[in-house]
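First the structure, in the form of structure tokens, and then the observations on it.
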Amino acid sequence: MLILPIKKKWYNMILSGKKKEEYREIKPYYRSRLYHEGFLDQYGLPTQWQSKVLFRNGYSKSSPSFEALCSLDIKTGREEWGAEPNKEYYVLKIMEVLKK
């Protein structure tokens, strides 16, 4: 399962249902991680795959966390959710929060 640390602001917004996407920069580090979880194909394109992602508010194993069912896209994000204008990201679309 993919484990991603996120800041408290975004963590709380996702849990409340206000934020429906999480962004990661398009870099080799995330490409590798997303590929190994089945979100990207061998060419670096998003698959139709949906998978569980563990979002953690911090880096410690004891930090608050939740699981969510997510799919992946590559597109620009929303500024109010932390994206920079006109910049493309790996966008994890949060389909459903599974465990809190």
One residue is enough: does the range 38-53 have a residue meeting the conditions in contact (Cβ under 8 Å) with a residue 12 or more places away in the chain, on the phi < 0 side of the Ramachandran plot and in contact with a Lys or Arg (Cβ under 7 Å, 6 or more places away or on another chain)? yes
Of all residues in the range 46-60 being assigned to a loop (DSSP other than H, G, I, E, B) and open to solvent by 60 Å² or more (accessible area, probe 1.4 Å), which is farthest from residue 7 (Cα to Cα)? 48
For the range 61-98, which residues satisfy the criterion of being of a type in the set (Val, Ile, Thr), farther than 15 Å from residue 1 by Cβ and open to solvent by 40 Å² or more (accessible area, probe 1.4 Å)? 74, 76
Quick one: residue 16 ticks every box in (1) open to solvent by less than 20 Å² (accessible area, probe 1.4 Å); (2) without any contact (Cβ under 8 Å) to a residue 40 or more places away in the chain bar one, so which box is it? (1)
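Do we have residue 77 as at pLDDT below 95 and either in contact with a Phe, Trp or Tyr (Cβ under 9 Å, 6 or more places away or on another chain) or not charged (D, E, K, R) (or both) here?
Values: at pLDDT below 95: no; either in contact with a Phe, Trp or Tyr (Cβ under 9 Å, 6 or more places away or on another chain) or not charged (D, E, K, R) (or both): yes.
In short, no.
The values are calculated or read from the model by the stated rules, or taken from the named source; none is laboratory data. This structure is a prediction, so every number in the text was calculated from the model and none was measured. Quick reminder, even Gly has a Cβ in these numbers, built from the backbone with ideal geometry, and neighbours come from all protein chains shown. For accessibility, only protein heavy atoms count, side chains too; no ligands or nucleic acids. Shrake-Rupley method; radii C 1.70, N 1.55, O 1.52, S 1.80 Å.
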